[in-house]
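The values are calculated or read from the model by the stated rules, or taken from the named source; none is laboratory data. These numbers come from a predicted model, not from an experiment. All Cβ positions, even for glycine, are placed from backbone atoms using ideal geometry, and neighbour counts span all protein chains on display. SASA here: full protein model, heavy atoms, side chains in, ligands and nucleic acids out. Shrake-Rupley method; radii C 1.70, N 1.55, O 1.52, S 1.80 Å.
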Amino acid sequence: MKILFLGDLVGRSGRDAAGAAIPELRQSLGLDLVVVNGENASHGFGLAPEMARALFVAGADVVTLGNHAWDRKEIIPYIETEPRLIRPLNYPPGTPGHGNFVVLLPDGRRALVAQAMGRLFMDALDDPFRGLQTMLAAHRMGAQGTVQAIIVDFHAEASSEKLSLAHSFDGRVSLVVGTHTHTPSADHQILEGGTAYMTDAGMCGDYDSVIGMQKGTAALRFWKKMPGEKLAPAEGTATICGVFVETDDATGLARRIAPLRMGGRLSQAMP
Ligand SMILES: [Fe+2]
Ligand SMILES: [Fe+2]
């Protein structure tokens, strides 16, 4: 299965670039599955329902969220009606929406997409390790399994927590990819047990910024330690950042992982 995961779309720049690129990439890379993190699509904070709809129309199969999940309150009733939009699975019981979704591909194959959120330098939440373990108990990868691939978006700040989660589930999922730091890491690899891994997919947004936000206002916060102007997304040309993985349907494990960086100011990489 050929899978593309795109990191956090930030503001109009990231949203428009990703929306335009997804149909082309589906074609040129022969993609079976596209997963996009949309937590910063609405002016940097949250995801408005019409933007989620536009991403599905563009060809995203699943949209994930993160700590900015509820910044746009209109998403709360929407997530109850749209199972392809998922939020971290380790939110407390009773939180709207779900932490995973099984995509049925046109050819009958199935892919499970799940999201968990880290706890190191993040809000206190339920245990993502045990939460993911419980969720995975219902699934087995492979030709005779419940799904042919499992993609985990681990929305977390610390690389140590992301690596620990990936090694804990190595061999049981196809891909563990980090989101949230908005900076692509160069450690994409296939772990010993066959799980593809990348600490952070990076963002889809303007990299002449502080993690997608206008650099002047963002930097001033560190200088002044006073509430300043509201942060707003940088609006220059976006680099689309993500990761491509090819899996073996017989096992669900990864055969190949390659980064994608397209457009904008970062060095370019095409799978
Ligand atoms: Fe983000
Ligand atoms: Fe985040």
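Run lengths n ≥ 4 of DSSP H only: what is the helix-derived mean residue ellipticity at 222 nm for the chain, with -39500 (n - 2.57) per run over all residues, to the nearest 500?
Numbers: 6 runs with 64 residues, N = 271.
After summing the helix terms and dividing by the residues of the chain, the value is -7000 deg cm²/dmol.
Taking Cα centroids, how far is region 170-212 from region 221-271 in Å?
8 Å
Just to be sure I follow the rule: in the chain, considering lysines 8 or more places apart or on different chains, how many pairs have Cα atoms under 24 Å apart? List each step's numbers first, then the result.
Details: K2/K162; K73/K230; K215/K224; K215/K225; K215/K230.
Taking the chain as the scope, the lysine pair count is 5.
Counting other Cβ atoms within 10 Å, which GluC sites (Glu not before Pro) in region 190-253 have at most 10 and lie in a DSSP loop?
E192
With charges set only on the Cβ (+1 for Lys and Arg, -1 for Asp and Glu), what does the dipole of the chain come to about its Cα centre, in debye to the nearest 20?
On the way: 25 positive and 29 negative charges, 47 e Å.
In total the dipole reaches around 220 debye.
I'd like to check one number: the per residue accessible area of the chain, probe 1.4 Å, reported in Å² as a whole number.
Each residue of the chain exposes 42 Å² on average to a 1.4 Å probe.
Calculate the FRET efficiency for E74 and A137 from the Cβ-Cβ distance with a Förster distance of 41 Å, rounded to the nearest 0.05.
The pair E74/A137 has a calculated efficiency of 0.75.
Quick check: the distance between the Cα centres of region 17-82 and region 135-158, to the nearest angstrom?
20 Å
Count neighbours as other Cβ atoms within 10 Å of each site's Cβ, and list the trypsin sites (Lys or Arg not before Pro) in region 15-92 that are DSSP loop with at most 12 such neighbours.
On the way: sites: R15, R26, R53, R72, K73, R84; in loops: R72, K73, R84.
Listed in order of number, the matching sites are K73.
Counting only C-alpha contacts under 8 Å and six or more residues apart, can you give the relative contact order of region 1-154 as a whole percent?
RCO, region 1-154: 16 percent.
Hey, what D do you get for region 125-271 in µm²/s if you plug the Kirkwood alpha-carbon radius into Stokes-Einstein at 37 °C and 0.692 mPa s? Walk me through the numbers on the way to the answer.
Numbers: Rh = 16.7 Å.
Estimated diffusion coefficient is 196 µm²/s.
Taking the Cα atoms of the chain, what is the range of coordinates along each of the three principal axes, in descending order and whole Å?
57, 41, 35
State, as an integer percentage, the relative contact order of region 16-95 based on alpha-carbon contacts under 8 Å between residues 6 or more apart.
Numbers: 99 pairs, mean separation 22.3, N = 80.
Worked out over region 16-95, it gives 28 percent.
Please state the relative contact order of the chain as a whole percent: Cα pairs under 8 Å, 6+ residues apart? All intermediate terms of the calculation are to be shown ahead of the outcome.
Values: 704 pairs, mean separation 51.9, N = 271.
That works out to 19 percent.
Between the DSSP loop rule and a limit of at most 12 other Cβ atoms within 10 Å, which trypsin sites (Lys or Arg not before Pro) in region 181-238 are left?
Sparse-neighbourhood loop trypsin sites (Lys or Arg not before Pro): K225, K230.
Kindly identify region 88-193 as rounded, prolate or oblate by the Cα gyration tensor criterion: order the square roots of the eigenvalues as a ≥ b ≥ c, call it rounded if a/c is under 1.5, otherwise compare a/b with b/c, prolate if a/b is larger, else oblate.
On the way: a/c = 1.81, a/b = 1.27, b/c = 1.43.
In terms of gyration-tensor shape, oblate.
First check a/c for region 1-73, with a ≥ b ≥ c the square roots of the eigenvalues of its C-alpha gyration tensor; if it is under 1.5, answer rounded, and if not, answer prolate when a/b is larger than b/c or oblate otherwise.
Here region 1-73 falls in the prolate category.
Starting from the Cα coordinates of region 213-271, work out the convex hull volume and express it per residue in Å³.
So the per-residue Cα hull volume is 135 Å³.
Give, in nm to one decimal, the length gained when the segment between R265 and H167 is fully stretched (0.36 nm per residue of separation minus the Cα-Cα distance).
Roughly 32.0 nm would be gained on extension.
Going by the alpha-carbon gyration tensor, a ≥ b ≥ c the square roots of its eigenvalues, is region 1-151 rounded (a/c under 1.5) or, if a/c is not under 1.5, prolate (a/b greater than b/c) versus oblate?
oblate
Give me the distance in nm between label points sitting 7 Å out from Cα along the Cα-to-Cβ direction at L120 and T183, one decimal.
1.5 nm
Binning every alpha carbon pair distance of region 64-129 at 5 Å from zero, what are the percents per bin?
Histogramming region 64-129 at 5 Å steps yields 3, 17, 26, 23, 16, 9, 4, 2, 0 percent.
Can you tell me the Rg and the Dmax, both Å, for the Cα atoms in region 159-218?
Reported Rg and Dmax, both Å: 13.8, 44.
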